[in-house]
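So the structure is just underneath, and the comments pick up after that.
Values in this text are rule-based calculations from the coordinates and carry no lab data. What you see is a predicted model; the values in this text were computed from it and never measured. Because the Cβ atoms are built from the backbone with ideal geometry, glycine has one as well, and the counts that use them run over all protein chains shown.
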Amino acid sequence: MIDYFNTNYPSVDLLRLRAQQRLPQFAFEYVDGGCNVEQGLHKNTDDIRKLELLPYYLRQYDHISMKTTLFGETYDAPFGISPVGLQGLIWPEAPEILAKAAFDHNIPFVLSTVTTSPIEKIAEITEGKAWFQLYHPVDDNITDDLLARCKRAGIKTLVLLSDVPTFAYRPKEIKNGLAMPPKMTAHNIYEIFKSPQWALTTLLKGKPQFATLKKYMSGNMNMHHLALFMDKTFNGRLSMEKVQRLRDKWDGNLVMKGLSTVEDSDKAVALGLDGIIISNHGGRQLDAGPSTISVAPEIIAKHKQNITIMMDSGIRNGPDIARTLSVGVDFTFLGRTFMYGVGALGHHGGYHTINMLKKELQQVMEQCCCETPADFPNHLLDNIWQAPSV
C-alpha cells in the first residue's frame, strides 16, 4: 500500500477533476473554494509559479535526498499535510486515511480542532507523531483540556491558528447551506444521489462529526445550535497575552500558522515560538490580502536564523514545493491536494498523493542537479523574487 500510485491520476489537476466527479457539489466546493471572488486563492498559486529555477547540468552532482529535519525530527520529504476542517465531509475517515499514509511515509500530518477525527485516534495511528492545530477556545478550561489530551496522546507539536479572527464570507458555502450535517435542500439531495459511492460510504461509516469537540457539546445539536456553539466557543483573534499563556503551558514545540507580515513574525520570535507557518488559510479568509509567496522573502530575510519558517497556501504539486523552498523556507505544507486525493481515490488517496508529490519533486531535483531541499535557493533565478542567503 505504501507504494500505491494510480497511473490514471498522475497530476493534481486529474485528482481534482475525479474528486469533482465523485463528490456532491456542496462537499467539493467546500474544499475547492475560497472567500469572496476567490482572487486570493488563485493568486497564491499563480505567484508561486512565477518563480523560475536554474538547472546546472555540468555541476558536480552525486544523488538527491529529500530528508528534512524539523524540531529534531527527520522527515523523509520536505512537505506535510496541512490541517483541514470537516475532512470527513470530503471522504469518510479522511483524517485517518491521511494520517496513516503520512505516518507510513514519515511526513507530518496536522490535525485540525474542527476536523472529523479525535485527537486520540489520530495520535494512535501516528504513534504520537501527528501535530495538532488549535482553534483558540474562549473558555480557558476547554483550551487546557485540549492541551492535556494532546500531552496524554504524545503529541509534541502544537500549531496555533492566527488567521481566523472572524468567520469568512464564502458565497459558495452560503449558497450550499454548508453545515454539519449539510442542509438538506432539494439541490443537495440531488447531488447526493448523483454521488452514490460517496453516499454509500458515508452511510456505512456514519455522518461526519466534530469528533475532537464532541465532549464539549451538549446532546444532539441541530444546525442552528451547532452554529451557536461554534460562535460561542471559539474566538480566533489571538493576542500577545493569549499566546504567552499557551507558551507558558505548552512545553512542546509551539508553532503559529497564518502569519503574513514581518510585524507579526517579530512578535512570534519575541514570544519564544519554535516555528511559524506563513499562510493565508489557502485564500479562504482574506481575498484582498497578499499571496503567501510574495510576503515570504521579507520574513525569511529577517528571521531565517531566529525561527523555523514554513509555508502553505497555493502549493499544489512537486514543482510548487520546489519553487517555494527556493525562497528559503524550511518546509512546506499542502491541504487541497491531499483532499482531492482522498476525494478521488478514497482510502488509497493518501498514499497515491504522497507518492505523486515525491515523484514530481524528485524529478525537479534531479533535473536541476539539486541534492537537498536546502539547496533550492541556489537555483532560484534572480527575478522579481530574491531569496535570502542560506
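Observations, loosely collected:
- For the chain, Cys with no neighbouring Cys Cβ under 4.7 Å: 35, 150, 369
- Additional length obtainable on full extension of the chain from residue 203 to residue 175, 0.36 nm per residue less Cα span: 7.7 nm
- DSSP bridge orientation in region 63-192 - percent antiparallel, rounded to nearest 5: 30
- Sparsely packed GluC sites (Glu not before Pro) within region 1-88, loop by DSSP, other Cβ within 10 Å at most 15: 52
- Percent antiparallel among DSSP beta bridges (both partners in the chain, rounded to 5): 15
- Sparse-neighbour loop sites [chymotrypsin sites (Phe, Trp or Tyr not before Pro); region 71-147; at most 16 other C-beta within 10 Å; DSSP]: 71
- Scoring 140-149, 112-121 by mean Cβ neighbours within 10 Å over their residues and listing the highest first yields 112-121, 140-149.
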